[in-house]
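Reviewing the structure listed below.
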Amino acid sequence: GDSVTQTEGLVTLTEGLPVMLNCTYQSTYSPFLFWYVQHLNEAPKLLLKSFTDNKRPEHQGFHATLHKSSSSFHLQKSSAQLSDSALYYCALSAGGSNAKLTFGKGTKLSVKS
Amino acid sequence: DPKIIQKPKYLVAVTGSEKILICEQYLGHNAMYWYRQSAKKPLEFMFSYSYQKLMDNQTASSRFQPQSSKKNHLDLQITALKPDDSATYFCASSPDTSGNTLYFGEGSRLIVV
């Protein structure tokens, strides 16, 4: 079945340093990949979604590149901000008629001043 | 204004009782989902519905029964509640089930005592 593996646990960074959260996946199909962000006591919200034409999605300074050869979709940002502190989920959707999102276990990012 | 309404936001229930979690979406989407989030299993897929028909069920227990009275409603009935059922239950929706972005409600936090 489909699965997503993320950097597990807590990642602590100092403000201004680059962010990289790892995500690799396994899927029988050629899936869509997503990054969701969840702030404390809020709902998960879409941060990024992979494109089918290999373009690199970007939002709020974050970007991720889908590498099918290595089955990866790592999340990156050049300079962390305090407001980036949140729980980040990588997820995949296999598409087709039953395209539920399969989520990784999440990575908690804590940005300190 | 929230486009996916979940009720109640917080709920304390007694072991063995039965509760219904309500979800309504006003995004015009055709697919709806339930996910569960707990300390043990972050964002675990439970059910997906498309045009009011069950598409996928990853919940082992029959104590969890989704109910769809209208296309934009997907309630979750939980019977014989156990303390292990304590979690935040998120309702989500997407335009259809072909790899689209999921939009999440604010969640219903259930505590079973």
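Here segment B:44-64 is the region considered, the condition is being more than 14 Å from chain A (Cβ to nearest Cβ) and at pLDDT below 95, and the residue that is surrounded by the most Cβ atoms within 10 Å (Cβ to Cβ) is B:Gln52. Comparison of A:Val111, A:Val37, A:Val4 shows that the only residue that is more than 12 Å from chain B (Cβ to nearest Cβ) and either at pLDDT 95 or above or under 15 Å from the mean Cα position of the chain (by Cα) (or both) is A:Val111.
For B:Ala13, the criteria (1) in contact with a Lys or Arg (Cβ under 8 Å, 6 or more places away or on another chain); (2) under 28 Å from A:Thr5 (Cβ atoms); (3) away from chain A (no Cβ under 13 Å) hold in every case but one, which is (2).
Taken over segment B:2-22, the criterion of being in a loop (DSSP other than H, G, I, E, B) and under 14 Å from A:Ala43 (Cβ atoms) is satisfied by B:Pro2, B:Lys3, B:Lys9. For residues that are touching a helix residue (DSSP H, G or I) at 6+ places or on another chain (Cβ under 8 Å) and assigned to a strand (DSSP E or B), scanning just segment B:63-113, find the one that is nearest to A:Tyr89 (Cα to Cα). Among them, the one singled out is B:Leu110. Scanning segment B:76-113 for residues that are more than 11 Å from every other protein chain (Cβ to nearest Cβ) and without any contact (Cβ under 8 Å) to a residue 40 or more places away in the chain yields B:Asp84, B:Asp85.
Within segment B:1-46, the set of residues being among the β-branched types (Val, Ile, Thr) and in contact with a strand residue (DSSP E or B) (Cβ under 7 Å, 6 or more places away or on another chain) comprises B:Ile4, B:Ile5, B:Val12, B:Thr15, B:Ile20, B:Ile22.
Listed here are the residues, each with its yes/no results for (1) touching a residue at least 12 places away in the same chain (Cβ under 8 Å); (2) part of a strand (DSSP E or B); (3) within 30 Å of B:Gln58 (Cα to Cα); (4) polar (S, T, N, Q).
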site	(1), (2), (3), (4)
A:Val4	yes, yes, yes, no
A:Leu10	yes, yes, yes, no
A:Leu13	yes, yes, no, no
A:Gly16	yes, no, no, no
A:Met20	yes, yes, no, no
A:Tyr25	yes, yes, yes, no
A:Thr28	yes, no, yes, yes
A:Glu42	no, no, yes, no
A:Ser70	yes, no, yes, yes
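Given the structure, is B:Lys19 more than 14 Å from chain A (Cβ to nearest Cβ), basic (Lys, Arg) and surrounded by 18 or more Cβ atoms within 10 Å (Cβ to Cβ)? Against the criterion (more than 14 Å from chain A (Cβ to nearest Cβ), basic (Lys, Arg) and surrounded by 18 or more Cβ atoms within 10 Å (Cβ to Cβ)), B:Lys19 qualifies.
The values are calculated or read from the model by the stated rules, or taken from the named source; none is laboratory data. Keep in mind that this is a model prediction, so the values were computed, not measured. Every residue, glycine as well, gets a Cβ built from its backbone with ideal geometry; the counts of neighbours run over all protein chains shown.
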